[in-house]
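The values are calculated or read from the model by the stated rules, or taken from the named source; none is laboratory data. Note that the structure is predicted; figures quoted are calculated from it, not measured. Glycine gets a Cβ as well: all are built from the backbone with ideal geometry, and neighbour counts include every protein chain shown. For accessibility, only protein heavy atoms count, side chains too; no ligands or nucleic acids. Shrake-Rupley method; radii C 1.70, N 1.55, O 1.52, S 1.80 Å.
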Amino acid sequence: MTTTTQTPTAPDSRTTSKVTRLLGDRRLPVLVTAVLFLVMYGVGLSRYQNYGFAEPQVFMNLFIDNGYLLVAAVGATFVILSGGIDLSVGSVIGFTTMLTAWLVERQGLPLVVVVPIALGVGAFGGFLMGYVIHNFEIQPFIVTLAGLFLFRGLCLVISKESISIGDSSVSSLAQTQVQLGAGFLSLGAVIALVVLAAAFYVLHYTRFGRRVYAIGGNEQSALLMGLPQGGTKIAVYTVSGFCSALAGLLFTLYIQSGDPLHATGMELDAIAAVVIGGTLLTGGSGYVLGTLFGVLVLGLIKSIIQFEGTLSSWWTKIATGVLLCAFILIQRAMTARKKT
């Protein structure tokens, strides 16, 4: 009788296999972002414990101060998941603040009428960009860049100067607080969390969400499967335009004014939050909850710099750039693993 002996698996091969499986896990970037946020928050607690960093309201302020960015980033998540890009986000936000201030202060319209007008304009702008991208087969970068210049130019058409809002209804909504234990959230923060929950449901529990992932993952395969590619593409840009307009309304409540320079470059902050949150720039992979952590990480960087007191605000941009490069490298490693 012949006996066979099994060669034990080498430790190096087992380690390599574990690393390979880890890099192939779609949840890895989200988990990294969540851990990064917890580590940064822990550092803040230990370093600034005598300066009130441990107060519950400091954590709540991350949502209050970044609610409008969260809404804009949620809209950008839809677009990036589909394999596209939207550079018009910041300009739509700025235009919404100007339009709202002009209609309320100069035209005397009530806020209840202005809100649907602003949301409709934003959604329609997104629809037009999506329509041009699909029907004329033009790169999203070019079309949304044109949208960026268009909406920023429209801001200057309305007014070259800032328009302060003194309307009592705007002030009342801006000062509304929702108590949560020892802290509170603003109305804008609550709306942002509702938008986040709605986006989570749409992306993970509806046909539309599955189409977004399918088109972003492999557009040709989605086309062969008979998925409505054109309608889905147009829809994601419409969602992004709507979210940008809503973010503009929340920013108006936060700042209580309209200015042609408001939200300049905020599209880059939104894209950075989405990428840091783990959504692949190539599309097809990512989670909207990761976008939440991306926004919180960016907001926490600002808070830590404020508590430090000796650092310039430009360190926010530097830290964002470093994190963005790190997460792009993680994405590169993941995509390289999928190809092998």
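Among LEU250, LEU187, LEU70, which one shows the biggest mean-square fluctuation in a GNM of the chain, springs joining Cα atoms closer than 10 Å?
The residue with the greatest mean-square fluctuation here is LEU187.
Using only C-alpha atoms and all pairs of different ones, pull out the Kirkwood radius for the chain in Å with one decimal.
Values: mean 1/r = 0.0469 Å⁻¹.
Every distinct Cα pair counted, the radius reaches 21.3 Å.
For region 98-225, what is the accessible area per residue in Å² when the probe is 1.4 Å? Display every interim value, and only then the final one.
Values: 7180 Å² over 128 residues.
So region 98-225 comes to 56 Å² accessible per residue, rounded to a whole number.
At a Förster distance of 35 Å, what's the computed FRET efficiency of SER171 paired with ALA198, Cβ-Cβ distance as r, to 0.05?
Working: r = 27 Å, r/R0 = 0.78.
The computed FRET efficiency comes out at 0.80.
State the Cα centre-to-centre distance between region 102-144 and region 257-308 in whole Å.
For region 102-144 versus region 257-308, the Cα centre distance is 22 Å.
Let me cross-check ASP259: its accessible surface, 1.4 Å probe, with only protein heavy atoms counted, in Å² to the nearest 10?
My reading of the accessible area for ASP259 is about 30 Å².
Just to be sure I follow the definition: excluding the sites themselves, where is the longest run in the chain that has none of the GluC sites (Glu not before Pro) in a DSSP loop with at most 11 other Cβ atoms within 10 Å? If you can, show how the numbers build up before the last one.
On the way: sites that count: GLU137, GLU161.
Between the exposed loop sites, the longest stretch runs 162-340.
What is the percent carbon and sulfur in the accessible area of the chain, measuring with a 1.4 Å probe over the protein chains and ignoring ligands? Let's see the in-between values first.
On the way: 10900 of 16820 Å².
Accessible surface attributable to carbon and sulfur in the chain totals 65 percent.
Tabulate in residue order the Karplus-calculated ³J(HN,Hα) for region 236-252, using 6.51 cos²θ - 1.76 cosθ + 1.60 with θ = phi - 60°, rounded to whole Hz; enter x for Gly and Pro.
5, 6, 5, 4, 5, x, 5, 5, 5, 5, 5, 4, x, 5, 5, 5, 5
Enumerate the amide H contacts of LEU180 below 5 Å, restricted to partners 5 or more residues apart or on another chain; note that Pro and chain-start residues carry no placed amide H.
LEU185
Rounding to the nearest 10 and keeping the result within 0 to 90°, find how far the Cα-based axis of helix 288-308 lies from the longest principal axis of the chain.
The two axes meet at around 70 degrees.
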